[in-house]
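Novice: First the structure, which I've put down as structure tokens, then a few questions once you've had a look.
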Amino acid sequence: MKICIPIIENNGLKSKVNAHFGSAPYFLIYDTEKETFEIIDNSDSRHMHGMCHPLKALENKDIHAVVCGGMGARAVQKLNESGIRAYRASVGTVEEIISIDKEGKLEEITMDNACADHSCH
């Protein structure tokens, strides 16, 4: 399974998770089976609220899940329509998120608990 984790800086598994999906400068894609990762620039990181298109950067990456601090309902809907699940994790680094995922303790983000604005974490 491939997990996309929006990150603040490009520091590999030590990278800190970004608070929101669409505004992250980078995406780290972690392959849970191979235990490998790749980092992709998010060319759409600077945008007006609600106007981002982060899935463009993730095209052809076969992502199964996105894990971040928060996400709006429209982003959750678009991901779900593409067969991608969204999860909330407010911890600091990719390593910590991977560990929590292995324990099965990530909270799924749904239309009911999605963020209404960028102050949601």
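The values are calculated or read from the model by the stated rules, or taken from the named source; none is laboratory data. Given the structure is predicted, the values throughout are model-derived calculations rather than measurements. Quick reminder, even Gly has a Cβ in these numbers, built from the backbone with ideal geometry, and neighbours come from all protein chains shown.
Novice: Being touching a helix residue (DSSP H, G or I) at 6+ places or on another chain (Cβ under 7 Å) and among the hydrophobic types (A, V, I, L, M, F, W, C) is the filter here, so list the residues in the stretch 1-36 that pass it.
Specialist: 3, 5, 7, 13, 17, 21, 28
Novice: Here's something else I'd like to know. All but one of (1) modelled with pLDDT of 90 or more; (2) touching a Phe, Trp or Tyr at 6+ places or on another chain (Cβ under 7 Å) hold for residue 95; which doesn't?
Specialist: Evaluating residue 95 over (1) modelled with pLDDT of 90 or more; (2) touching a Phe, Trp or Tyr at 6+ places or on another chain (Cβ under 7 Å) leaves (2) as the failure.
Novice: Those residues that are modelled with pLDDT of 95 or more and buried (at least 19 other Cβ atoms within 10 Å of the Cβ), I need them from the stretch 6-28; list them, please.
Specialist: Listed by number, the residues that qualify are 15, 28.
Novice: Within the stretch 73-92, how many residues turn out to be over 12 Å from the mean Cα position of the chain (by Cα), hydroxyl-bearing (Ser, Thr, Tyr) and either in a helix (DSSP H, G or I) or modelled with pLDDT of 90 or more (or both)?
Specialist: Qualifying residue count for the region: 0.
Novice: Something else: Would you tally the residues in the stretch 1-44 being outside any strand (DSSP E or B) and acidic (Asp, Glu)?
Specialist: Selection size over the stretch 1-44: 4.
Novice: Continuing with the same structure: Read through the list (1) modelled with pLDDT of 90 or more; (2) touching a Phe, Trp or Tyr at 6+ places or on another chain (Cβ under 8 Å); (3) buried (at least 16 other Cβ atoms within 10 Å of the Cβ); (4) over 18 Å from residue 106 (Cα atoms), then give the number of the only condition that residue 36 fails.
Specialist: Only one criterion in (1) modelled with pLDDT of 90 or more; (2) touching a Phe, Trp or Tyr at 6+ places or on another chain (Cβ under 8 Å); (3) buried (at least 16 other Cβ atoms within 10 Å of the Cβ); (4) over 18 Å from residue 106 (Cα atoms) is unmet by residue 36, namely (3).
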